[in-house]
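Novice: This structure is in structure tokens; I'll ask about it shortly.
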Amino acid sequence: MRRPRLLYVPFWATYVFLYAPIAVLVVMSFNSGDSPYSFEGLSLKWYGELAGNAEIGKGLVNTLVVAAGSTVLSTVLGTLLAVGMARHSRSKVLDAIGVLPAVLPDLVLAIGLLVFYASIRMTLGLHSVLLAHTVFGMAFVAAVVRTRLAHADTSLEEASRDLGAGPVTTFFRITLPQLAPGIAAGALLAFTLSVDEFVIAFFTAAPTEPTLPIVIYSMVRFGVTPEINALATLLLAVSFTVVIVAQRMTRLTESLS
Amino acid sequence: MTRSTVSGATAAPRSRRSRAPGRTAAGRSAVGRLVFLGPGLAYLIVLLLVPLALVLSYTIFRRGRFGGVVYEATGENFTRLLDPLYLDVIVGSLKLASIATVIALLVGYPTAYLIAQLPRKWKTIALVAIVLPFWTNFLVRIYAWIVLLSGPGLVNSTLGDLGLGPFEFLYNQGTIVTGLVYSYLPLMVLPLYAAIEKLDPQLREASANLGARPARTFVSVTLPLTLPGVVTGCLFVFVPSFGNFIIPELLGGGRSIMVGNLIRDQFLKARDWPFGSTLALALLAVLVVLLLLQAWSARRA
Amino acid sequence: MSRSRYARRLPAAALAAGLALAVSACGGEAADPATSADPAAPAAGATSAQLDPNADLSKQSLAISVWEGYTPKELPQQVKEKLKTELKVTLHANNEEIMAKLTSGTDTGLDVAFVSGQYAQALNEAGLLEPIHPELVPNLANLFPEAKELSYDKGNVFSVPYTWGTTGICYRTDLLKTPPTSWNDLLSPPAEAKKKVTMMITERWLALPAIKALGYSVNTRSDEEIAKVKEKLLAAKPNLLAYDDTTFRDRLKKGEAVMVEAWDGWCPAGEKNIDFVIPKEGSDLWVDTMVVLKSSKNKEAAHAFINYILDPKVHGWAAENILYGVPNKAAMDLVDPELKASMPSLQMTPSQLLQGESIIDLGEDSVKFTRLATEVAAQQ
């Protein structure tokens, strides 16, 4: 097939544009000097500083707690919702409610939850972020599982029912095993989105329990420090590994396109 | 597995769908509905619909002196929306988000087009490479631009070696647009890729065989057929750009604000929840109009 | 078919609507701080709890929120040792951030917060503060007499001052041809400083240079004056590098900025080529305070904590490390004289500080400054 040569310019420009800033961060994280701008020599000193930073450590633990909790909740609720929407309802309104958290701007969801928490005088903490993250996590899990459901073979469920099994038994024996890859992909998505989420956490976290993105935000606002480079590099490494593993596992691109 | 086999595989169960058990009265039993829909729906009602209803209801109330709300009906929040001060910020955000969207489209389309034509193995790698940065922390990616562009940053020191500059790159609207394009470009490329991938190459060949030049083939065949992808991609970039407050703050140096900053500030600085809610409603209204446009274009296509 | 589907959907919709109403109604009754505190009766904060001077502090734990770097890193261990109380320190970037959390109506779980004087005043008027029980804070005696008569809170009724100072221009002596002397030098900088100036973004300090250059009061409520201030700030905007109240120090050190609006202690005047000046038109007197929240369940420990901070050695840490003056006579006497000589902020006497105009909360009129800040930020 003919590929117009001219198109290669924006093509490569895209990749340079996407990766140049990231590459700079990674290189600078190994800088031995104090300046975040000029490279003076190789060193792991900023990783050492990072390891000793209690704020970041606490933020990381909080983030993992929130992400793990909301992933479990999102996966259970989202899977049930997906099956319910696909098999037990034809309501368009329900479908709309189900995707709403995924399309709603995060800022709007964030202020909504802040207003809600305030009106019931809730004590903020990790649980308030966890509950908030589940709102969109559930929607994403439901969306991924529904795609899987649409591709699932329904004849087995049919047979199960014909043999007298109720909807719950059928779900556990037949539907769930078929959906497992979709559920795993959805859970992974919910986890990743929660780990990265800033806006909603910013509005709903207790000042005493910041998540990692909140810690990063205040670090960035207080100026450029090479410690962030080291943190960024570690985060990149983890994200890259997770995405590549997920890619291998679920053929992510296919489901995305 | 390629896309054609995926759709081929799904075609079979779909044809059986008409009499699928899930659609029978027994399948939609009350127990099933309660067990499957109940928990998720209850959750979404309490933590999504009720909060949104609260925000909506706040738009007609007055602000409390120290934050919170005084339950006293007023239309002043909506009249304030028409105040040139806020209207200008909203229009300015529309402008910045639109510029970012157009740039992302101009860069993203050729990229998606080329990816769609790569050999299969490279296609996957190219796509993953587009998505990867998107899965890394958003704030970290914005921070990378500060390091790159700030006064003593890398770009300036490189230019300095060439005897140019130093330039002040950071803290203007151009940097905000750069940050927006950078953050959301992957969301443009993916739907475009999906749309272009689906194109039947024979259509283009037919057009070429009939004597059409590539440019003409693109304008009259490729572009119209990929329009839904274009619209979706534009929406994916525009929506998060329009409501953004972090990029203007971190890359704009506090010198420009967008509607997202305005909303954030109503809640976190001015403590004017009713007006903040009204601004959020305005933001939603713009997005709903865009979504309707998209639905309309998808139906036409 | 369609009828039955509607019939099925109706209860759900009704439930959702009912819930929404119920919740908003609850919100109304439970009353946000705003609705419960009648603005006409600022005495709302005056109801004070019964505190037990002999409470077992080891049974209480404290959560405080403070600016980054504003208390020693070892503070939790020191407090644990001295008071037997667990201390959890959380950080806020600025007054606005902590105010947003404290006034949101949610329970933040905080016992003590560090906020600037005018914000403490606003919190008190909103009924969110526990009055200070002086009998539990004997170290209040260490304060300068002037620190007990600050205009936002005369007599330290609801707040205890932690640091105080003024705002001025911090600049590079090597990169500017002539040292600045007036706020106008910051607002319309010389050619070598164009695009290398930062001003603060927090409302009242954003307005300060223009207000003082025009000879107005920092607590002005006049629309006319604020309009003039706005004009002046907008005219200054094209010459600015950025609005910044967190990183101006670094920018000045790197030379990215050559002249910045700065709080005195945050200007690294001890370093080579950097100096600080209070412009001739005068400036403000700001005070950062400690307040005890009404929602605190550990009020005895909170008071013991404040008392501990007022210990000359502990309070002296703030002067030596944040480099702001502290309103504690005994603590200032302990500060290393050599350090004192290098930092203008540590040389200021209380009477010199009181020449600055004290910033107070403007009540309803504070929205004028909010609007001013938005107008300045929105202008391209």
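Please treat every number below as a calculation from the coordinates, not as lab data. Predicted model only: the values in this text are computed from it and were never measured. When we count neighbours, we look across all protein chains shown, and the Cβ atoms used for this are built from the backbone with ideal geometry, even at glycine.
Novice: Could you give the angle, 0 to 90 degrees to the nearest 10, between helix A:8-29's Cα long axis and the longest principal axis of the Cα atoms of chain A?
Specialist: 60 degrees
Novice: Where in chain C are the DSSP H helices whose C-alpha atoms run 27 Å or more along the long axis and whose mean Kyte hydropathy is at least -1.0?
Specialist: Span-like helices, by this rule, are C:2-30.
Novice: When the C-alpha atoms of region B:83-300 are aligned to their principal axes, what extent does each axis show, in angstrom, from largest down?
Specialist: Extents along the principal axes: 63, 50, 28 Å.
Novice: From the phi angles alone, apply the Karplus equation (6.51, -1.76, 1.60; θ = phi - 60°) to region C:288-293 and give each ³J(HN,Hα) in whole Hz, x where the residue is Gly or Pro.
Specialist: With coefficients 6.51, -1.76 and 1.60, one gets 9, 10, 10, 10, 9, 7 Hz.
Novice: Residue by residue through A:90-97, how many Cβ atoms from other chains fall within 10 Å of the Cβ on average?
Specialist: The shielding value for this peptide is 3.
Novice: Return the long-range amide H neighbours of residue C:91 (sequence gap of 5 or more, or a different chain), with a cut-off of under 5 Å between placed amide H atoms.
Specialist: Under 5 Å from the amide H of residue C:91 lie the amide H atoms of C:66, each far enough along the sequence or on another chain.
Novice: While we're on this one: Going by how many other beta carbons lie within 10 Å of each one, how would you line up B:76, C:203, fewest first?
Specialist: If I rank by nearby Cβ atoms, fewest first, I get B:76, C:203.
Novice: Using only Cα atoms, tell me the angle between helix A:126-151 and the longest principal axis of chain A; keep it within 0 to 90° and round to the nearest 10.
Specialist: The two axes meet at around 60 degrees.
Novice: Read phi for every residue in region B:262-270 and hand back ³J(HN,Hα) as whole Hz from Karplus 6.51 cos²θ - 1.76 cosθ + 1.60, θ = phi - 60°, with x for Gly and Pro.
Specialist: Going residue by residue, I get 4, 5, 4, 5, 5, 7, 9, 10, 6 Hz, with x marking Gly and Pro.
Novice: Still on this structure, I have one more. What is the fewest-to-most order of B:234, C:170 by other Cβ atoms lying within 10 Å of their Cβ?
Specialist: B:234, C:170
Novice: While we're here: Within 10 Å of each Cβ of A:21-34, how many other protein chain Cβ atoms are there on average?
Specialist: Mean number of neighbouring Cβ atoms from other chains: 3.
Novice: A follow-up question, please. Could you point to the residue in B:185, B:227, B:257 farthest towards the positive end of region B:83-300's charge dipole, with +1 and -1 charges on the Cβ of Lys/Arg and Asp/Glu respectively?
Specialist: It is B:227.
Novice: Most exposed first by the Cβ proxy, i.e. fewest other Cβ within 10 Å, how do A:162, B:88, C:107 rank?
Specialist: The order, fewest Cβ neighbours first, is A:162, B:88, C:107.
Novice: Out of all DSSP beta bridges in the protein assembly as shown, what portion is antiparallel? Express it as a percent rounded to 5.
Specialist: Of all bridge pairs located within the protein assembly as shown, approximately 60 percent are antiparallel.
Novice: Please label the shape of region A:184-226 as rounded, prolate or oblate, based on the square roots a ≥ b ≥ c of the eigenvalues of the alpha-carbon gyration tensor (a/c under 1.5 means rounded; beyond that, a/b larger than b/c means prolate, else oblate).
Specialist: Oblate is the answer for region A:184-226, as a/c is 1.5 or above yet b/c matches or exceeds a/b.
Novice: How tilted is helix A:212-221 with respect to the longest principal axis of chain A? Cα atoms for both, answer in degrees (0 to 90, nearest 10).
Specialist: 30 degrees
Novice: Can you give the Kirkwood hydrodynamic radius of the protein assembly as shown from its Cα pairs, in Å with one decimal?
Specialist: Final number for the Kirkwood radius of the protein assembly as shown is 30.1 Å.
Novice: 5 Å is the cut-off here: which amide hydrogens, built 1.01 Å from N in the peptide plane, fall below it relative to residue C:162, excluding neighbours closer than 5 in sequence?
Specialist: C:288, C:289, C:290
Novice: Okay, next question. Can you tell me how chain C classifies by the Cα gyration tensor, rounded, prolate or oblate, using a/c under 1.5 as the rounded cut?
Specialist: Oblate, since a/c reaches 1.5 and b/c is not below a/b.
Novice: Peptide C:91-103: average number of partner chain Cβ atoms within 10 Å per residue?
Specialist: Mean shielding by partner chains, rounded to a whole number: 5.
Novice: Using the Karplus equation 6.51 cos²θ - 1.76 cosθ + 1.60 (θ = phi - 60°), what ³J(HN,Hα) coupling, rounded to whole Hz, does each residue of region B:99-107 give in order, writing x for Gly and Pro?
Specialist: 4, 4, 5, 5, 4, 4, 5, 5, 7
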